[in-house]
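The values are calculated or read from the model by the stated rules, or taken from the named source; none is laboratory data. Every value quoted in this text rests on a predicted model; they were computed, and no experiment measured them. No Cβ is skipped: glycine too gets one built from the backbone with ideal geometry, and neighbour counts run over all protein chains shown. What goes into the accessible areas is simple: the full protein's heavy atoms, side chains included, and nothing from ligands, DNA or RNA. Shrake-Rupley method; radii C 1.70, N 1.55, O 1.52, S 1.80 Å.
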Amino acid sequence: MAEPGPGAGRPASRGRPPVVLMYHGFCTHRRDDDPENLFVEVERFEQQLRWLLDQGWQALDLDGYLAARADRAHRPRRSFVVTIDDGFTSVLELAVPVLERLGVPALLYVPSDLAGSTATWLPRPADEPLLDPDELRHLHALPWLELGVHGADHLDLRGLGADVLDHQVRRAHGRLAELVGDPLRSFAYPFGAHDAAARQAVAAEGFDVAFSVFDDAGPHAVSRVDVNATDTLASFRLKTQLPGYRQWWAALDRAPVVRRTVRAALTSLGGQRGGR
């Protein structure tokens, strides 16, 4: 089990629930082969984390996050957790130096059967490389980074039969635990997708917490704030500070034209304020 990093700490005062940030890949310049906007420019990533720290937000590792959930009276006034899905090689190349420099811990969720392969579920960017077993062992050994399970091969877990679901949860966990030499404590649903059977399988495997994207369903489906390539500092600040952001953004999924308009407005606002 990874120990807390230099930016981690025990909650000390009453505050709002921790904000769980969700990232995927990273890049040095905006990619034109990234229609899903998954790859955040590393300069923006550092700017976002620095802004949180400068504003007094406390960076939590998994221990700190679980403590804050369990003890509302002693959680930090404002805190955040960095989660990174999929395990692209850009995490090691670009994100890890930023996290280490700023003293911010992180949780990295990887599909067990694709270590050293490519992101086969993505049509674009095609053949994006994923961290290999040696790199995953190296990262999990860092005192401020902890691996979690992201299924076996990034399959949507909704509506699966018992055998397939067992492979995606229990056997995926076993394979990663054997790889790093530790049982893993948390899970993130591929695509953020889950149903009652998936949540039950994750809970039965003994995970302390599992993360979705926009929908909450108890400790084994905790929603997160998605951070993507289109986010300016202005939109990032809005996402992290606006109460109920995840709920109203999920509602906009049912109105895609309105959602695109809102996203365009946030992007424009960031440009006007120099929020890059």
Can you list residues whose amide H is under 5 Å from LEU147's amide H, if they're 5+ apart or on another chain and H is modeled 1.01 Å from N? LEU108
What is the mean projected area of the alpha carbon convex hull for segment 37-124, to one decimal in square nanometres? 7.0
Gain upon complete extension [ARG175, PHE191; 0.36 nm per residue less C-alpha separation]: 3.7 nm
Nearest-0.05 FRET efficiency for ALA217 and ARG137, computed from C-beta distance (R0 35 Å): 0.60
Once phi for every residue in segment 44-53 is put through the Karplus expression 6.51 cos²θ - 1.76 cosθ + 1.60 (θ = phi - 60°), the whole-Hz ³J(HN,Hα) values, with Gly and Pro written as x, are 5, 4, 5, 4, 5, 5, 4, 4, 4, 5
Solvent-accessible area, 1.4 Å probe, carbon plus sulfur percent, for segment 53-107: 44
For labels at THR230 and ASP32 in the simple 7 Å Cα→Cβ model, what's the distance in nm? 1.9
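What do you get when you divide the Cα radius of gyration of segment 111-193 by 2.2 N^0.38 Å, with N the number of residues?
Dividing the Cα radius of gyration by 2.2 N^0.38 Å gives 1.08.
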What ³J(HN,Hα) values, in whole Hz, does the Karplus curve 6.51 cos²θ - 1.76 cosθ + 1.60 give for segment 71-88 when θ = phi - 60°, with x put for Gly and Pro? 10, 5, 6, 10, 7, x, 4, 9, 8, 8, 10, 8, 10, 10, 9, 5, x, 5
Give, in nm to one decimal, the length gained when the segment between ARG77 and ASP127 is fully stretched (0.36 nm per residue of separation minus the Cα-Cα distance). 13.8 nm
Taking amide H positions as placed 1.01 Å from N in the peptide plane, with prolines and chain starts having none, which residues 5 or more places from VAL40, or on another chain, fall under 5 Å of its amide H? HIS24, GLY25, PHE26, CYS27
Difference of contour (0.36 nm per residue) and Cα-Cα distance, ARG16 to ASP153: 45.9 nm
